Amino acid sequence: MIQIIDYGAGNLKSVACALEKLGQDYQTIKYPEEIADSAKIIFPGVGAAGNAMRKLTESGFAAKIPQLRNPFLGICLGMQLLSGFSEESETTCLGIINGQTKRFPESVKIPQIGWNRVKIKKDCDLFQGLPDDSYFYFVNSYYVSAPEKFVLGETSYGLDFVSACKKMNFYGVQFHPEKSGDIGLKLLNNFCKLC
Amino acid sequence: MLILPAIDIINGGCVRLTKGNYSEVSKYSLKPIDAAKKFINEGATFLHIVDLDGAKIGRPVNYKQIFEIAKDLKIDVQVGGGIRKYTDAKFLLENGVRRVVLGTSFVEKPALISRLTKEFGNDRIAISLDLKNGKLMTKGWNKNNLINIPDIIDLLKKLQIVYVIITDVEKDGMLEGPNLKNINIFVKSGFKVIVAGGVTSKNDIDNAEKAFAYGCIIGKALYEGKIELRQCFKNNLAKRIIPCMDIDNWRVVKGINFQNLKDAGDPVALAKFYSEMGADELIFLDITATIEKRKTFCSLVSKIAENINIPFTVGGGIRSLEDVSRLLNSGADKVAICSYALTNPEFVKEVATKFGAQCVVISIDAKKTEKGWEVYINGGRINTKIDVVEFAKEMQKLGAGEILLNSLDSDGTKKGYDVELLKAVSSAVNLPIIASSGAGSEEDFLKAFRDGGADAALAASLFHSKKLLITDLKKYLLKNNVTIRI
């Protein structure tokens, strides 16, 4: 069972559609009490960090998430919120991955919109069977600067930034697997297969 | 590979190297923090700071400048220059410095190195090695007793060192590029090698990367303008090809000529087809956009979202937050706001604040006049007299995430995008630009990307009529060195 956290930041339809295509059993949840022990959690997000953290705090997810031991996947803003702090409206985040979320340099167009390559830095279940340097769809103005030991994948956009990371049961991807065609579906499927 | 721009500090100032005159270090007008800011703006994520005064007297002195950069700018820095005591290294490491660089003291004081690696972790310590003819140069140590590389490696391994900074110019002072052979020896021995010295061109950087170096320090070449920092950082973002579909009551209209589709006018079937052909994104414009048809359009959007898994934008008659919310909840990724952005610029801000800049595409109809390019509305019937470039800048300020740039002059001509218009807008704003109107051949796309600075290019009838297949177009662009997703 996959549970998608709905905290009112962005639409969940794309993630739901992708899981539907994969034939996965899923549900969206609005309260931390709904989290099932056996579930895998997807934590999507678009929009601004400040607003999202406010909503997570109000709903009680902010306190609950760091304690989870379920396989957990933060997508885009969902990955950034795993960091300790975001430059976007100077927001204190969940602090699961010790690192900061920073804005792209002025030398590139912001936001980054489009397909970019992910260089796999460490073998892991999430990228199982996916070719190195595959294209994924990105939409972001900020990126997570995380310690090397948590880095799974890197992407070049005016600088090399962390596009996939992992700490214990927490995975983060800066791109949108649900919008990245077949390769994105494969990655989501890999996540669904985690135990 | 990590690129580390170098900042050399003397007397609290940054060693300012005037063009072609490295020895002239008399002007300290550039503050180290300003140099750091400049590098960060150009893409740097890690800086290499050398306290030259410290190096001279054997203990760091320019702490204020170093901490200003490390703490206030929150950037990773490694610092070298005169760090010879435990207390000095500790002070730096506990005040925001990511890594300290120690020089030849490692052969003199192995105990110091051991203590630091044990206490702070070996990723916080780097050893700087000056090599010449395969041997370690040790200043102030026994000059006649040069150490061979295998012996250095043994010693470093014993001390559990991982990061080494290697300065090795085969022909001393000739700036002929780093000596890759020795870099290779260290890489193969398991070290993370940061190449310093002799890096004078983009080619040197590429070679260091090929030799699997972990990082590359660039100093002199940067200041002398031989290397432009922003060009050292790769950008693999692909240019996007976007088919656009005009929708009227659940049908794609205009220029459809597909024989192999069961129902060529069905937007869902066409969306799937384009997605399989390798389209990077899709745009659907509701051309009637009446209130009663809006509901139908939302169900269509929903159906599209269920059938494809690449991003798509929807537009046509969007005038309220409720419109936006309904379309995004139906599964669209972005909304294109057209003339309403002109009469109600505040609306752009509201949408960006509520849903994020990434979903706001501003569609501009531009036409050349004697004053430049002006924004038109009502399908080109009304000239608003608003300058296109100024309007695009205004939209960026209000929170637009992307500009869809239509040219009324080239629309329907099939003679190519308006490259001059693209150039004017793409150089004025720092937003992605989607070129639109006028595509007639694969070369037109190349020109829009290469000459116009467009980030994406849109076409409708050219694709619908099957005169150009996206697969062929992508092959052509790839052959012409455009970054394209295949």
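Points to keep in mind about this one:
- Residues in segment A:63-90 that are closer than 13 Å to A:Val144 by Cα and hydroxyl-bearing (Ser, Thr, Tyr): 2 in all.
- Segment A:13-38 - residue that is charged (D, E, K, R) and part of a helix (DSSP H, G or I) and, of those, farthest from B:Asp333 (Cα to Cα): A:Glu33
- Single condition A:Tyr137 does not satisfy, out of (1) in contact with a His (Cβ under 7 Å, 6 or more places away or on another chain); (2) more than 10 Å from chain B (Cβ to nearest Cβ): (2)
- Residue in segment B:99-121 that is part of a loop (DSSP other than H, G, I, E, B) and touching a strand residue (DSSP E or B) at 6+ places or on another chain (Cβ under 7 Å) present: yes
- Hits in segment B:463-486 (condition: away from chain A (no Cβ under 14 Å), outside any helix (DSSP H, G or I) and not basic (Lys, Arg)): B:Ser465, B:Leu468, B:Leu469, B:Asn480, B:Asn481
- Selection status of B:Ile377, in contact with a helix residue (DSSP H, G or I) (Cβ under 8 Å, 6 or more places away or on another chain) and within 14 Å of chain A (Cβ to nearest Cβ): no
- Residues that are more than 10 Å from every other protein chain (Cβ to nearest Cβ) and among the aromatic types (Phe, Trp, Tyr), drawn from segment A:86-131: A:Phe127
- Positions within segment B:409-432 being assigned to a loop (DSSP other than H, G, I, E, B) and within 26 Å of B:Glu346 (Cβ to Cβ), in sequence order: B:Val429, B:Asn430, B:Leu431, B:Pro432
- Residues of segment B:136-189 satisfying the condition of being at pLDDT 80 or above, more than 21 Å from B:Ile217 (Cα to Cα) and surrounded by fewer than 16 Cβ atoms within 10 Å (Cβ to Cβ): B:Asn148, B:Pro150, B:Asp151, B:Asp154, B:Lys157, B:Lys158, B:Gln160
Each row is one residue, and each column tells you yes or no for (1) away from chain A (no Cβ under 14 Å); (2) out of contact with any Pro (no Cβ under 7 Å at 6 or more places or on another chain); (3) buried (at least 19 other Cβ atoms within 10 Å of the Cβ).
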position: B:Leu282; (1), (2), (3): no, no, yes
position: B:Phe297; (1), (2), (3): yes, yes, yes
position: B:Ala305; (1), (2), (3): no, yes, yes
position: B:Leu321; (1), (2), (3): no, yes, no
position: B:Leu342; (1), (2), (3): yes, yes, yes
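- The condition of being out of contact with any Ser or Thr (no Cβ under 8 Å at 6 or more places or on another chain) and either closer than 15 Å to A:Met79 by Cα or facing chain B (nearest Cβ under 9 Å) (or both) holds for only one of A:Val151, A:Val173, that being A:Val151.
- Residues of segment B:444-466 that are of a type outside the set (A, V, I, L, M, F, W, C) and either touching a helix residue (DSSP H, G or I) at 6+ places or on another chain (Cβ under 8 Å) or touching a residue at least 60 places away in the same chain (Cβ under 8 Å) (or both): B:Lys447, B:Asp451, B:Gly452, B:Gly453, B:Asp455, B:Ser461, B:His464, B:Ser465, B:Lys466.
- Meets criteria (more than 20 Å from A:Lys119 (Cα to Cα), surrounded by fewer than 16 Cβ atoms within 10 Å (Cβ to Cβ) and within 14 Å of another protein chain (Cβ to nearest Cβ)) for B:Glu228: yes
- Here A:Ser156 meets each of (1) within 11 Å of chain B (Cβ to nearest Cβ); (2) modelled with pLDDT of 95 or more; (3) over 11 Å from the mean Cα position of the chain (by Cα); (4) surrounded by 24 or more Cβ atoms within 10 Å (Cβ to Cβ) with one exception, condition (4).
- The helices (runs of 4 or more DSSP H) found wholly in segment B:308-403 and carrying at least 1 residues that are in contact (Cβ under 8 Å) with a residue 40 or more places away in the chain and farther than 23 Å from B:Ala435 by Cα occupy B:345-355.
- Screening segment A:41-90 for residues that are β-branched (Val, Ile, Thr), within 20 Å of A:Asn140 (Cβ to Cβ) and at pLDDT 95 or above and picking the one that is surrounded by the fewest Cβ atoms within 10 Å (Cβ to Cβ) gives A:Ile75.
The values are calculated or read from the model by the stated rules, or taken from the named source; none is laboratory data. Since we're looking at a predicted model, the values are computed, not measured. As a convention, Cβ positions derive from the backbone with ideal geometry for all residues, glycine included, and neighbour counts pool all protein chains shown.
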